[in-house]
Amino acid sequence: MRRKITSSLLGIGMVGASLLAASGSAQGHGAPDSPISRQQLCYDGVVQDCGQIEWEPWSVEGPKGFPARGAADGSICSGDNGRFSELDDPRGGAWPTTSLSSGQSLTFKWNIRARHATTNFSYYITKNGFNPNKKLTRADLEPQPFLTVPFGGRQPGAVVTHTGTLPQKTGRHLILGVWTIADTANAFYSCSDVKF
């Protein structure tokens, strides 16, 4: 009798552990922390009242194909994911910024939680005259990314870095990072507030 109960408890424990592991790994994928992104600022507690993104900064996943398709205007920073709409709120232009210099070399760093086959990483920046008090739209962005890193379907490592040269800019801007997945219909989106 004792053996049956022990076996049953062991079986229940293994099922519970499996469910916990499965649910935990499905929650996160990847997010940049250099330059620091809005989702990382929320996760670190630097910015308050961020909603669910405080616990899932790596999950800003939305439809791929940006800029022709993908996240809708006004919900680009959240990847068109309503669970993370706080990322689209301009907060009166009060998001903390990373100080940068025009033309400088900058290393972008992503922490990857789930290693997806990858098409590329692309980085867009807002046009001069960008208004940080309104939600981001395609019309606010330069039409072409200033840096694209092709991956050819390979899986990234746990930490991914790429270095690129920043365009000539002045004032406050947003850098949009888009990590396009090769074998799903989605991409990961991230906005970083910067000041030149």
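May I ask you to list the residues in the stretch 31-82 that are of a type outside the set (Val, Ile, Thr) and assigned to a helix (DSSP H, G or I)?
Result: 38, 39, 40, 41, 42, 43, 51, 52, 54, 82.
Give the residues of the stretch 46-65 that are among the hydrophobic types (A, V, I, L, M, F, W, C), more than 19 Å from residue 90 (Cβ to Cβ) and surrounded by fewer than 17 Cβ atoms within 10 Å (Cβ to Cβ), sorted by residue number.
The answer is 55, and nothing else.
Which residues, taken from the stretch 145-185, are of a type in the set (S, T, N, Q) and under 19 Å from the mean Cα position of the chain (by Cα)?
Within the stretch 145-185, 148, 155, 161, 163, 180, 184 qualify.
Which condition number does residue 74 fail, the rest of (1) closer than 20 Å to residue 179 by Cβ; (2) in contact (Cβ under 8 Å) with a residue 24 or more places away in the chain; (3) surrounded by fewer than 21 Cβ atoms within 10 Å (Cβ to Cβ) being met?
(1)
Within the stretch 145-196, track down each residue that is charged (D, E, K, R) and either in contact with a Pro (Cβ under 9 Å, 6 or more places away or on another chain) or modelled with pLDDT under 95 (or both).
Listed by number, the residues that qualify are 154, 172, 183, 193.
Is it the case that the stretch 95-114 has a residue that's touching a Cys at 6+ places or on another chain (Cβ under 7 Å) and at pLDDT 95 or above?
no
Name, by its number, the condition in (1) assigned to a strand (DSSP E or B); (2) surrounded by fewer than 20 Cβ atoms within 10 Å (Cβ to Cβ) that does not hold for residue 103.
Condition (1) is where residue 103 drops out.
Quick check on the stretch 156-179: of everything there that is of a type in the set (Gly, Ala, Ser) and within 18 Å of residue 61 (Cα to Cα), which residue is surrounded by the fewest Cβ atoms within 10 Å (Cβ to Cβ)?
Taking the candidates together, the pick is 158.
The values are calculated or read from the model by the stated rules, or taken from the named source; none is laboratory data. Only a predicted model underlies this, so the values are computations on that prediction, with no experimental measurement involved. Note that we place each Cβ from the backbone using ideal geometry, even for glycine, and neighbour counts take in every protein chain shown.
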